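Shown next, in structure tokens, is the structure this report addresses.
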Amino acid sequence: MTAAFHNGKIARLPRNIRDELNHRLDNGEPGGSILAWLNALPKVRNMLKKEFGGDPINAQNLSNWRKGGYQDWLKQQERRAVVRELTENSKELDMDAGGVEVANHLSAALVAELATSARDALAAIADPAERCVREQEFLLTLARVRRQDYLAGKLAIERECRARDRAKEKKKEEDHKKHSREWEPISRQFKRSFMGDLYAKPDFASQLMATGQAESLLRDVKLDGSQSDGSTEPVHPESN
């Protein structure tokens, strides 16, 4: 495409107007009708007045656009059609791959471009032997792309497995903490009862063990004065 196609009057129009123009051309609307519609648009008239001295878009401008920008648009629509077809088949591909995402957006774009290029190139080759050689080249390229898709899918599975293992470990740790919190008040009550029984005995060994139990209970008391079971009752040795 020459620079004129990129710098012409129609190329300077807003994107939405160019898209509408391309759709009208694609639908086979006559050139005269298209020119009348274009030159009547306020945004078009303002652009022409500002950059082209008010000179309207003419038949030659439209003809240039048909050969340049419109052809680019057609190729882009073709690529989009191929991508849409690949997307529509993605669910079946995912099922065949065990739920693994087969290709990312870049890979899909490359495959679409490859399919378009292969079709155009093969259509222009009449010699069967040459066609066979080119087909093999395209198949090798496709195989490399699919291998990258496979490696990407394998990596995604490994990441998912690691994330699942981390989630299991986290849940296991949380369950252990919850179990400890549930049994802690029972353990503390047992210590109090055992401590009271020891204090009730007159021998020195029992009194010493009771003192050790009291110190253990005091270590469970938080700095704010509350115990780990939520109570604020001070720990006292039970009397006879």
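If E29 meets every condition in (1) in a helix (DSSP H, G or I); (2) under 30 Å from E113 (Cα atoms); (3) without any contact (Cβ under 8 Å) to a residue 40 or more places away in the chain apart from one, which number is that one?
Going through the list (1) in a helix (DSSP H, G or I); (2) under 30 Å from E113 (Cα atoms); (3) without any contact (Cβ under 8 Å) to a residue 40 or more places away in the chain, E29 breaks only (1).
If you go through the range 188-206 one residue at a time, do you hit one that is hydrophobic (A, V, I, L, M, F, W, C) and at pLDDT 75 or above?
Within the range 188-206, one or more residues are hydrophobic (A, V, I, L, M, F, W, C) and at pLDDT 75 or above.
Part of a helix (DSSP H, G or I), at pLDDT 70 or above, of a type outside the set (D, E) and surrounded by 14 or more Cβ atoms within 10 Å (Cβ to Cβ): which single residue out of R162, R147, R134 fits that description?
Residue meeting the stated conditions: R134.
For A152, only one of the following conditions fails: (1) assigned to a loop (DSSP other than H, G, I, E, B); (2) surrounded by 12 or more Cβ atoms within 10 Å (Cβ to Cβ). What is its number?
It fails just one condition, (1).
Quick check: anything in the range 95-103 at pLDDT 90 or above, surrounded by 14 or more Cβ atoms within 10 Å (Cβ to Cβ) and not aromatic (F, W, Y)?
The answer is no; no qualifying residue exists.
Identify all residues within the range 31-47 that are β-branched (V, I, T) and more than 12 Å from I10 (Cβ to Cβ); write none if there are none.
Within the range 31-47, no residue meets the criteria.
State all residues of the range 14-26 that are under 13 Å from W73 (Cβ atoms) and assigned to a loop (DSSP other than H, G, I, E, B); if no residue qualifies, say none.
Correct list: empty.
Here's the yes/no breakdown for (1) buried (at least 16 other Cβ atoms within 10 Å of the Cβ); (2) on the phi > 0 side of the Ramachandran plot; (3) of a type outside the set (G, A, S); (4) over 42 Å from the mean Cα position of the chain (by Cα):
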site: P30; (1), (2), (3), (4): no, no, yes, yes
site: I34; (1), (2), (3), (4): yes, no, yes, no
site: L38; (1), (2), (3), (4): yes, no, yes, no
site: G53; (1), (2), (3), (4): no, yes, no, yes
site: N64; (1), (2), (3), (4): yes, no, yes, no
site: Q76; (1), (2), (3), (4): no, no, yes, no
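The values are calculated or read from the model by the stated rules, or taken from the named source; none is laboratory data. Just so it is clear, the structure is predicted and the values come from calculations on it, not from any experiment. A quick note on method: Cβ atoms are made from the backbone with ideal geometry, for glycine too, and the neighbour counts reach across all protein chains shown.
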